[in-house]
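The values are calculated or read from the model by the stated rules, or taken from the named source; none is laboratory data. Bear in mind the structure is a predicted one, so any value in this text is a computation, not a measurement. Here the Cβ positions follow ideal geometry from the backbone for every residue, glycine too, while neighbour counts run over all protein chains shown.
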Amino acid sequence: MTVTTVGFDADDTLWHNELFFKDTQARFAARLADHADPDHLMERLLAAERRNLGHYGFGIKGFTLSMVETAIEVTEGRVPASVIAEILADGREMHRHPVDLMPGVEACIRDLAPSHRLVLITKGDLLDQERKLAESGLGDFFDGIEIVSDKTAATYTRAFDAHGDGAARALMVGNSMKSDVVPAIAAGAFGVFCPSEHEWELERAEEPATHPRYRRIADLGALPELLRSL
Ligand SMILES: [Mg+2]
């Protein structure tokens, strides 16, 4: 059965993203250095992010609010308003980071676009994802764009029904085992893991190493060859 449709994750699959979060986290730790040791602070921040996902969803806005919340917590309410203002400015700055494509991305997309339907399936802030897609110059290659609040098996079933021939004839590639690979395989698609150097802890999951529809590649440059081999 031929794969006709290829779903791409965006952040840390098409372009760098997590490293900007890591940079901002380092700045956050420096701003609160008088109040909390960095390891403890990162633990509290991650706990706040996990707690807040259901309220704010994925993306920079929710991350910024979690930094503010953590700053209030670790200082027991004594964090100066000037530091809150700096944290908010750091969050806004993240919306301006340059769009820097990952290795092999452009060649892969150009190679596959004539023969496959390409669908971008991403979480994150709507405006930020639209900005990055526009700046990437890749927008015209995609037959469908899905900016979703979460990635479950149902998300992939719906997206591949809407933009392709169903999940059974689709492949999803991304850097998150938890969001891109495992639920896509559960929907019946191929799930291709393309790990990135910087990983967010909340995107980890066990590798479905023996599943017949699981594959792993080093970068997107290897995807056209993999598709031809299926
Ligand atoms: Mg990603």
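Looking at the structure I just gave you, is MET1 among the aliphatic types (A, V, I, L, M), modelled with pLDDT under 95 and away from the ligand (no atom under 16 Å from the Cβ)? Break it down into steps so the answer makes sense when it comes.
Working: among the aliphatic types (A, V, I, L, M): yes; modelled with pLDDT under 95: yes; away from the ligand (no atom under 16 Å from the Cβ): yes.
Against the criterion (among the aliphatic types (A, V, I, L, M), modelled with pLDDT under 95 and away from the ligand (no atom under 16 Å from the Cβ)), MET1 qualifies.
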### Message
What's the total number of residues in the stretch 120-137 that are surrounded by 20 or more Cβ atoms within 10 Å (Cβ to Cβ) and on the phi > 0 side of the Ramachandran plot?
### Response
1
### Message
Tell me the residue from LEU19, LEU88 that is out of contact with any strand residue (DSSP E or B) (no Cβ under 8 Å at 6 or more places or on another chain), among the aliphatic types (A, V, I, L, M) and within 16 Å of the ligand (Cβ to nearest atom), please.
### Response
LEU19
### Task
Tell me, yes or no, whether the stretch 7-30 has at least one residue that is buried (at least 19 other Cβ atoms within 10 Å of the Cβ), at pLDDT 95 or above and over 22 Å from the mean Cα position of the chain (by Cα).
no
### Query
Residues in the stretch 178-189: is at least one assigned by TED's automatic domain parsing to the domain that holds GLN129, among the hydroxyl-bearing types (Ser, Thr, Tyr), in contact (Cβ under 8 Å) with a residue 40 or more places away in the chain and buried (at least 20 other Cβ atoms within 10 Å of the Cβ)?
yes
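Would you point out the residue of the stretch 22-49, among those that are charged (D, E, K, R) and either in contact (Cβ under 8 Å) with a residue 60 or more places away in the chain or within 22 Å of LEU133 (Cα to Cα) (or both), that is farthest from the ligand (Cβ to nearest atom)? Steps first, please.
First, the residues of the stretch 22-49 that are charged (D, E, K, R): 22-23, 27, 31, 34, 37, 39, 43-44, 49.
Narrowing further to those that are either in contact (Cβ under 8 Å) with a residue 60 or more places away in the chain or within 22 Å of LEU133 (Cα to Cα) (or both): 22-23, 27, 49.
On the way: LYS22: 14, ASP23: 17, ARG27: 22, GLU49: 15 Å.
Result: ARG27.
Which helices (runs of 4 or more DSSP H) sit wholly inside the stretch 23-114 and have at least 1 residues that are over 30 Å from ILE147 (Cβ atoms)?
Values: elements: 38-56, 60-74, 81-94, 105-112.
Once the helices (runs of 4 or more DSSP H) in the stretch 23-114 are filtered for at least 1 residues that are over 30 Å from ILE147 (Cβ atoms), what remains is 38-56, 60-74, 81-94.
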